[in-house]
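Worksheet for the structure shown next.
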Amino acid sequence: MPNRVILLALAGALALSAGCAVNPVTGDEELMFFPPEDDVKLGRQYAGPIEKELGGRIADENLQRYVNDVGQKMARVCHQPDISYHFTAVEDKMINAFALPGGYVFITRGLLKEMKTEGQLASVLAHEVGHVVARDTMAALSRQLSMAALVVGAHVSGAPGRVTRAADFMTAMLSLQYSRDDEREADMTGLSYMTGAGYDTNSMVEMMQAIDELQTVRPIEFFSTHPNPESRITYIKEKIATRYCGLGTLKRGQQEYEEAVLSKLKRHRNVNAATLDLPEAVPDPAGTPEKTGP
């Protein structure tokens, strides 16, 4: 009961302190309960525990360095390059990627293995950087007042049970629904960041098409945090045709991605499978016929 009272009080306080902030990407004003400095605080507090919730880092520092390097290329050309961005590949087999406030971006093993090129990786990371820059997570939290109260309550309490709260926070993050405008803006800014970093924007179309095909086989987790890519493919193609055509040959990076990511994921999978091999069964002495003769 006391916790419920605290949350209700927080909700009331947030309602009274409701304000607006300017979206750094669009320049539009939007409802925002959180000052910019809270982005980094929340991201820093929950990045470690959430990384654990997602199975931990993929244990290959060369792969991690490669993913981070591609992500940093997006960060250097984004609207807020002064933020300290962190790009981490995690072991979770679900097909997804998402960003915490303050520049912490996670991409899962499940999604990495479905990619074919460095350009496709860049398209996903650029999209997530777009969400970070636009403060879309904080805006979505502000639109869901009760959720915002819960997160702030966990953030300011400083009490034990941080990992449990991290699990709740991750669930909250995965349940947040960005608006269609948020997703469209992240796609558009992602295209801009890709070209700024020298990547072929058609890689974003390829990635969307690959994800769209996956859902014909089984439901995938990507759609819990992102809209269906079918409609997005149309406007992305239109934007490429009107804004980014005629830019010459930009990077796709198929061989680089194969060597830096896919080959390592396959090797790790084989090593993990080998560690799970059971020893050969030993015959039960009680069931073995007694040997006769010399």
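The values are calculated or read from the model by the stated rules, or taken from the named source; none is laboratory data. Note that this is a predicted model, so its numbers are computed, not measured. Reconstructed Cβ throughout: ideal geometry from the backbone, glycine too, with neighbour counts over all protein chains shown.
All conditions but one from (1) outside any helix (DSSP H, G or I); (2) modelled with pLDDT of 65 or more; (3) loosely packed, with under 10 Cβ neighbours inside 10 Å apply to Thr242; the one that does not is (1).
Leu54 meets all of the listed conditions (1) modelled with pLDDT under 70; (2) under 21 Å from Leu100 (Cα atoms); (3) surrounded by 15 or more Cβ atoms within 10 Å (Cβ to Cβ) but one, namely (1).
Taken over the range 98-128, the criterion of being within 29 Å of Thr249 (Cα to Cα) and free of Cβ contacts under 8 Å to residues at least 40 places away in the same chain is satisfied by Val105 alone. Pairing residues of the range 224-247 that are within 14 Å of Met194 (Cα to Cα) with residues that are modelled with pLDDT of 85 or more and not in a helix (DSSP H, G or I), at Cβ distances under 6 Å and at least 6 apart in sequence or on separate chains, gives Ile240/Thr201; Tyr244/Thr201.
Reported count of residues in the range 50-90, each being more than 12 Å from the chain's Cα centre (by Cα) and more than 27 Å from Met188 (Cβ to Cβ), is 13.
Among the residues making up the range 103-127, those that are of a type in the set (Ser, Thr, Tyr) and under 11 Å from the mean Cα position of the chain (by Cα) are Tyr104, Thr108.
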